[in-house]
Amino acid sequence: MHLYAQALLTDSLPSKKILYFPVIAKSIETSWSFGLAGSATFRLSKSDTVSRTSNLQSVVLYSLKKQFIAAINGAEYFRNENYILNEQISYSSFPDKIWGIGNTTPDSAMEHYSFQQYYVYLHLLRNLGHHFFGGVLYEMQHVYKINYTPGGLFDQEHIAGRSGYFVSGLGLSLTYDDRNDAFAPDKGNFAQVYFNHFDPILGSTYDYTNWVVDLRKFIRIYHKQVLALQAYSFSNIGAEVPLRSLASLGGANSMRGYYSGRYRDKQAFVFQAEYRMPIYKRIGMAVFASSGEVGHAINDFTLNGLKYAYGAGLRIRLTKKEKLNLRLDYGIGQGNNQGFYLQLGEAF
């Protein structure tokens, strides 16, 4: 969710912070949007000094493009971080764009379509010791009322799921996480590998397996300046993978400057770097760059096929104690790809 907000801060509360946001937003995908957002940061146990701060974010947005989004995202750290629960629950009614499948789709190929979607993602992690976590996850996606141009890209490329679909999958994860903060770490590492298998036994329309590798490193450089690095890969194995489960490039958190889903295929990888620095009191700034590619198979990836993006932005600390930032970024990609993002929290 890309948002501009006026926060009502409650820094006086000893165990929790609650922010309320009247939202005016603008992004590549939504144009101007209006709505309401909220964020709560808290500890499940006041006596717990080991666990990181839990957070819960919610937003309701309606855009001038007649897009509607209602979403809840959260991360709860239980006592001594023996367990961690991550969740994403959303409903969206969304006029969108598609350029077809592949890494070389031209800008002129763009077509409009629309869809409605319910989405649920639950990820429960168990502390294995020494910063390692084992996890089990569940993902559900119901996409329906897909409207597109008959005989256009959807039909020409036989895009799976164009008549609507339901997918449901279970998976396992292994995570290493020694970051010193959940919102904006300035040192530490995060490494996560997980797979999620979608199967008709679970009610899924399609049978495929999704693999994700997410590697991040945060290096404190000088006087609270931080270099943040991420390498991310997203791969699908299966004969058919539905539209909104395909790997993609673009959006507010990856390859900023490209429309979310500008490039889609079965597999994708992205590398991005960001240098974050304070300016004055609660105000900071960041410069960032990224490169990535999509492909049908691993041997499709080439150096000549790499896309790139870069940009800069401001950071506004919303609470005195917790490192929860309002992020204002401008990203520039290749060709005419560029855009402005306003987001709660860092990109990674």
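What aspartates and glutamates could a cross-link reach from Lys323, if we take a straight Cα to Cα line under 18 Å and drop same-chain neighbours fewer than 8 places away? Here the aspartates and glutamates satisfying the reach criterion relative to Lys323 are Asp11, Glu76, Asp177, Asp178, Asp181, Asp186, Glu274, Glu346. Amide hydrogen proximity for Arg262: with H placed 1.01 Å from N in the peptide plane, the residues at 5 or more positions away or on another chain lying under 5 Å are Leu249. Across the stretch 79-84, computed HN-Hα scalar couplings (Karplus, 6.51 cos²θ - 1.76 cosθ + 1.60, θ = phi - 60°) run 3, 6, 6, 5, 9, 10 Hz from first to last residue, x flagging Gly and Pro.
Cross-link partners of Lys97 among lysines, defined as those whose alpha carbon lies under 23 angstrom from its own and excluding same-chain residues fewer than eight positions apart: Lys26, Lys65, Lys66, Lys145, Lys266, Lys307. Whole angstrom only: what separates the Cα centroid of the stretch 186-201 from the Cα centroid of the stretch 307-331? Using only Cα atoms to place each centre, the spacing works out to 25 Å.
List the longest stretch of the chain that has no exposed loop site; here a site is one of the trypsin sites (Lys or Arg not before Pro) assigned by DSSP to anything other than H, G, I, E or B, with at most 13 other Cβ within 10 Å. Write down the numbers at each step before the final one.
Numbers: sites that count: Lys46, Lys66, Lys187, Lys224, Lys281, Lys320, Lys321.
For trypsin sites (Lys or Arg not before Pro) (loop position, at most 13 other Cβ atoms within 10 Å), the longest site-free span of the chain is 67-186.
Each residue of the stretch 127-141 was assigned a 3J(HN,Hα) from its phi angle through the Karplus expression (A = 6.51, B = -1.76, C = 1.60, θ = phi - 60°), giving 5, 9, x, 6, 6, 9, 9, x, x, 10, 9, 9, 9, 10, 9 Hz with x at Gly and Pro. Taking the centroid of alpha carbons for each part, the stretch 17-92 and the stretch 234-282 are 20 Å apart. Taking amide H as placed 1.01 Å from N in the peptide plane, Tyr83 has its amide H under 5 Å from the amide H of Phe78, Asn127, each at least 5 places away in sequence or on another chain. Residue by residue, the stretch 242-248 carries 3J(HN,Hα) couplings of x, 2, 8, 9, 5, 5, 8 Hz when phi is fed to the Karplus relation 6.51 cos²θ - 1.76 cosθ + 1.60 (θ = phi - 60°); x denotes Gly or Pro.
Rule-based calculations on the coordinates, nothing more; no lab input. This is a predicted model, so every value here is computed, not measured. Note that each Cβ is placed from the backbone with ideal geometry, even for glycine, and that neighbours are counted across all protein chains shown.
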